[in-house]
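Worksheet: the structure to be examined is printed underneath.
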Amino acid sequence: MRIDIKSMTLDEMTQFVKELGEPAFRGKQIFRWLHRGVSSFEEMSDLSKSLRNKLEEISFITVPKVERKQISKLDGTVKYLWRLKDENCVETVLMRYRHGNTVCISSQVGCRMGCAFCASTIGGKVRDLTPAEMLDQVLFTQKDSGLEISNIVLMGIGEPLDNMETVLRFLELVNSSEGMNIGMRHISLSTCGLTEQIDKLAQLRLQLTLSVSLHAPDDETRSRIMPVNRGEGVEKLFACCRRYFETTGRRISYEYSMIDGVNDSDWQADLLANHLKGTPGHVNLIPLNEVAESPFHPSRRIREFQRRLEQQGVTVTVRRRLGGDIDASCGQLRRKRMEEKIQ
Ligand code: SAH
């Protein structure tokens, strides 16, 4: 088994080269090459031929292939479907905001959380991604597009806190000043609300933004559309969010995808406002993206719901839809390819 060299942290890389009888600074050299997106050891021109051969023998460099790429004519959003080493595919979306270029990356191939409105979970989880495969999505999106990436959101396919060790390692890699050097304050992590993992994350006191996919303020609705809620409940989730804020001082952002007749009633806005009393947080209302296999439709009450929350002192934003013409959301491109393969 060859070693996945790009998943190594700088410290590990330094240790690794020392064990090969090389001076410590070679670790940094290799790390820099890898984080510039080279696809072979051959390109590492300041290493000796014999070291390059040795590295080739005992390790490998992950290089995702562009399986499909779609560019939105509406807003320049780019969607990549990457083919990984084992032929599995994951999606990355590049969004061009005024405050900087943002990539939305995947953390798993598929997902096992089973949210009823989400395309990524159909077919379940195939496998976790590796730290290198997460980093590659940022690295190769930047390389392919020629645009400098300044922000990352972990909101693609998969549940990041269901692959937490990998995600933490990815954060260390992408944050490294010898690598892409993307600051924690430029990174958001979105979770369906795994409370035990959120508590663990809080202890690390990272400066990233935590987004919690809430989607309903009452147990009956939330358990219906998000199986993760069944063993836990909304009260327990909010208590956990409160602890997170107390420990980290970071305000949580709550994602709320508006579904017609399911979670868009006035009483649900009132209940949500009530939950948020005493916990500084921010609500992001998301127009539902229709998924062919799902019975849900977008709500027509987003503005009313927003106003009702605001009247009760809640800070609310409505997410702008980007890439509406290119299946840019939530695992839809991967689904499409899977269907094509079946047919
Ligand atoms: N597993 C993580 C991150 C992935 S999904 C999480 O649950 O947060 C990113 C966001 O998109 C989540 O809030 C998710 O619930 C939401 N989402 C999924 N499918 C959607 C759809 N069809 N329309 C609108 N939002 C959706």
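The values are calculated or read from the model by the stated rules, or taken from the named source; none is laboratory data. Computed from a predicted structure; not experimentally measured. Positions of Cβ are backbone-derived with ideal geometry, glycine not excepted, and every protein chain shown enters the neighbour counts. The protein model used for the area step is the full one, side chains on, heavy atoms only, and it has no ligands, DNA or RNA in it. Shrake-Rupley method; radii C 1.70, N 1.55, O 1.52, S 1.80 Å.
Below, the figures for the structure above:
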{"read-out": "Residue-averaged [θ]222 nm for the chain, counting only DSSP H segments that reach four residues, each worth -39500 (n - 2.57)", "value": "-10500 deg cm²/dmol"}
{"read-out": "Around H275: net Lys/Arg minus Asp/Glu count, Cβ-Cβ under 13 Å", "value": "0"}
{"read-out": "Coil-residue trypsin sites (Lys or Arg not before Pro) of the range 1-89, DSSP, other Cβ within 10 Å capped at 11", "value": "R2, K73"}
{"read-out": "DSSP-assigned coil residues among trypsin sites (Lys or Arg not before Pro) in the range 173-218, each with at most 11 further Cβ atoms within 10 Å", "value": "R205"}
{"read-out": "Options I302, A202, G231, ranked by Cα towards positive dipole end of the chain, top entry (Cβ charges)", "value": "I302"}
{"read-out": "Percent RCO, i.e. relative contact order, over the range 56-161, from Cα pairs under 8 Å lying at least 6 residues apart", "value": "26"}
{"read-out": "Percent carbon-and-sulfur accessible area, the chain, ignoring ligands, DNA and RNA, probe 1.4 Å", "value": "48"}
{"read-out": "H282 accessible area, assembled protein chains, probe 1.4 Å, Å²", "value": "50"}
{"read-out": "Where only C-alpha atoms are counted, convex hull volume of the chain per residue in Å³", "value": "142"}
{"read-out": "Qualifying aspartates and glutamates (Cα of each under 15 Å from Cα of K79; at least 8 residues distant if same chain)", "value": "E67, E91, D136, D144, D325, D327"}
{"read-out": "Rounded accessible area per residue of the range 45-143, 1.4 Å, Å²", "value": "42"}
{"read-out": "Sparse-neighbourhood loop sites, GluC sites (Glu not before Pro) in the range 52-113 - DSSP loop, at most 15 other Cβ within 10 angstrom", "value": "E87"}
{"read-out": "Beta bridges by DSSP in the chain, antiparallel share as percent, to the nearest 5", "value": "45"}
{"read-out": "Antiparallel content of DSSP bridges confined to the range 101-190, in %, to 5", "value": "30"}
